[in-house]
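The values are calculated or read from the model by the stated rules, or taken from the named source; none is laboratory data. Bear in mind that the values here come from a model prediction, so they are computed numbers and not experimental data. Note: ideal-geometry Cβ built from the backbone for every residue, glycine included; neighbour counts use all protein chains shown.
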Amino acid sequence: MPSIFSDLPFLIVIFFVFAWLGAVSFLLLKIYRTFARLTKGVNDHDLKTLLGEILKQIETGQKNDKELSEKIAREKLAEEEHLQKLGLVRYNPFADTGGNQSFVLALLDGHDNGLVITSLHSREATRVFAKPVMSGKEVGFEFSKEEIQAIIEAKKKKLLYNDKV
C-alpha cells in the first residue's frame, strides 16, 4: 500500500509550502524588528502623539524651506545691483612718457551699470576722471577706445562668483 508521503508531487507541494512559510516568517520578523526599533520606549498611547509631532516638524520644515527659497530669490535680485564685473586696461596715451602708466578701470553691476575710472599719467601731472555707465553704454560723456575696451573686458569677467549657468 503506497503511502501518501511517498508521492513525489505531494512532497514538492509540501516543500514549497514550508519554503513559503519560512520566507513570510523571515519578512514578518524583519518588519517586527524595524517597528520595535522605531517605537523603542514608546507605548501605544504615545505613538499617536509622537507621529503628530513628527508631522508638525515636517510642516515647519516645509514652511522654513519656502521662506528660505523666497529669501534666496530676493538676494539673487539684489545681487544684480552690486558691483560684480571688473575690467582693467593699461595704456600709454602720450609719446613722451615711458611705459603704460595710465589705466582705465570699469566697475559694473549685473545690469552693466556702473562707472569707468580713467587715470591719465604724464610727466607733469596725473589726472583722474570718472564717467557713468548705463547698460554698458556711455551717458553724457563720450568714451575713449580704452574705456570701451575696459567695459568689454568687464562684461567678460566677474568680480564675484555667479551661479548663472
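Among the residues of segment 105-119, is there at least one that is acidic (D, E), touching a residue at least 12 places away in the same chain (Cβ under 8 Å) and surrounded by 15 or more Cβ atoms within 10 Å (Cβ to Cβ)?
First, the residues of segment 105-119 that are acidic (D, E): 109, 112.
Still in the list and also touching a residue at least 12 places away in the same chain (Cβ under 8 Å): 109, 112.
Among the residues that remain, those that are also surrounded by 15 or more Cβ atoms within 10 Å (Cβ to Cβ) are: 109, 112.
Within segment 105-119, one or more residues are acidic (D, E), touching a residue at least 12 places away in the same chain (Cβ under 8 Å) and surrounded by 15 or more Cβ atoms within 10 Å (Cβ to Cβ).
Looking at L47, L51, L83, L88, which one is in a loop (DSSP other than H, G, I, E, B), surrounded by 10 or more Cβ atoms within 10 Å (Cβ to Cβ) and of a type in the set (A, V, I, L, M)?
Working: L47 fails: in a loop (DSSP other than H, G, I, E, B); L51 fails: in a loop (DSSP other than H, G, I, E, B); L88 fails: in a loop (DSSP other than H, G, I, E, B).
Criteria check complete, one pass: L83.
Any idea which of G110, G41, G99 is within 21 Å of E146 (Cα to Cα) and assigned to a loop (DSSP other than H, G, I, E, B)?
On the way: G110 fails: within 21 Å of E146 (Cα to Cα); G41 fails: within 21 Å of E146 (Cα to Cα).
Of the residues listed, the single one that is within 21 Å of E146 (Cα to Cα) and assigned to a loop (DSSP other than H, G, I, E, B) is G99.
Exactly one condition in (1) exposed (fewer than 10 other Cβ atoms within 10 Å of the Cβ); (2) more than 28 Å from S135 (Cα to Cα) is not met by T34; state its number.
Looking at each condition in turn, T34 falls short on (1).
In segment 121-137, which residue that is at pLDDT 85 or above, surrounded by fewer than 18 Cβ atoms within 10 Å (Cβ to Cβ) and of a type outside the set (S, T, Y) is farthest from E80 (Cα to Cα)?
R127
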